[in-house]
1. Kindly evaluate residue 50 against the criterion of being in contact with a Lys or Arg (Cβ under 9 Å, 6 or more places away or on another chain), in a helix (DSSP H, G or I) and over 20 Å from residue 23 (Cβ atoms).
2. Using the structure shown, decide if residue 94 is part of a helix (DSSP H, G or I), touching a Pro at 6+ places or on another chain (Cβ under 9 Å), among the charged types (D, E, K, R) and in contact (Cβ under 8 Å) with a residue 24 or more places away in the chain.
3. Considering only residues that are touching a strand residue (DSSP E or B) at 6+ places or on another chain (Cβ under 8 Å) and either surrounded by 15 or more Cβ atoms within 10 Å (Cβ to Cβ) or assigned to a strand (DSSP E or B) (or both), which ones fall in the stretch 53-79?
4. Of (1) within 16 Å of the chain's Cα centre (by Cα); (2) part of a helix (DSSP H, G or I); (3) surrounded by 12 or more Cβ atoms within 10 Å (Cβ to Cβ), residue 82 satisfies all except one. Which?
5. Tell me whether the stretch 36-54 contains one or more residues that are touching a residue at least 60 places away in the same chain (Cβ under 8 Å) and of a type outside the set (Val, Ile, Thr).
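Just so you know, all these numbers are worked out from the coordinates, no wet-lab data involved. Small disclaimer: the values here were computed from a predicted structure and weren't measured. As a convention, Cβ positions derive from the backbone with ideal geometry for all residues, glycine included, and neighbour counts pool all protein chains shown.
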Amino acid sequence: MKTETIDLAAMQTAAAQACQLMKVLANPDRLLILCQLSQGEKRVGELEELLGIGQPTLSQQLTVLRDEALVSTRREGKNIYYQLASPRALEIMRALYGQFCGSPKL
């Protein structure tokens, strides 16, 4: 029987990346934001209204998501639109939705 050689350095790098993503997702507000964005692009005002998260907290959490490259933005006039930018985060959101919210519809 042939056994695969495990590249420890690659595994450590992957584990660190996974842990960083999980740390970001471990915040309920950020998780709710990503859940909404998995359904499509949203304006900041829409997110505030849909989620009931106050503007200062929402801005803070969107900054974290932007800094981690999980969301991207575009400006249209005075409005800033956010969209989910990470395929990894989208896959995790699908799995979480399936486990905690019913059958995956994302």
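1. On the way: in contact with a Lys or Arg (Cβ under 9 Å, 6 or more places away or on another chain): yes; in a helix (DSSP H, G or I): yes; over 20 Å from residue 23 (Cβ atoms): yes.
The answer is yes for residue 50.
2. Values: part of a helix (DSSP H, G or I): yes; touching a Pro at 6+ places or on another chain (Cβ under 9 Å): yes; among the charged types (D, E, K, R): yes; in contact (Cβ under 8 Å) with a residue 24 or more places away in the chain: yes.
Spelling it out, residue 94 is indeed part of a helix (DSSP H, G or I), touching a Pro at 6+ places or on another chain (Cβ under 9 Å), among the charged types (D, E, K, R) and in contact (Cβ under 8 Å) with a residue 24 or more places away in the chain.
3. Step one: filter the stretch 53-79 for residues touching a strand residue (DSSP E or B) at 6+ places or on another chain (Cβ under 8 Å), giving 62, 65-66, 70-75, 79.
Residues satisfying the conditions are 62, 65, 70, 71, 72, 73, 74, 75, 79.
4. Failed condition: (2).
5. In the first step, residues of the stretch 36-54 are kept if they are touching a residue at least 60 places away in the same chain (Cβ under 8 Å); the result is 38-39.
So of that shortlist, the ones also of a type outside the set (Val, Ile, Thr) come out as 38-39.
Within the stretch 36-54, one or more residues are touching a residue at least 60 places away in the same chain (Cβ under 8 Å) and of a type outside the set (Val, Ile, Thr).
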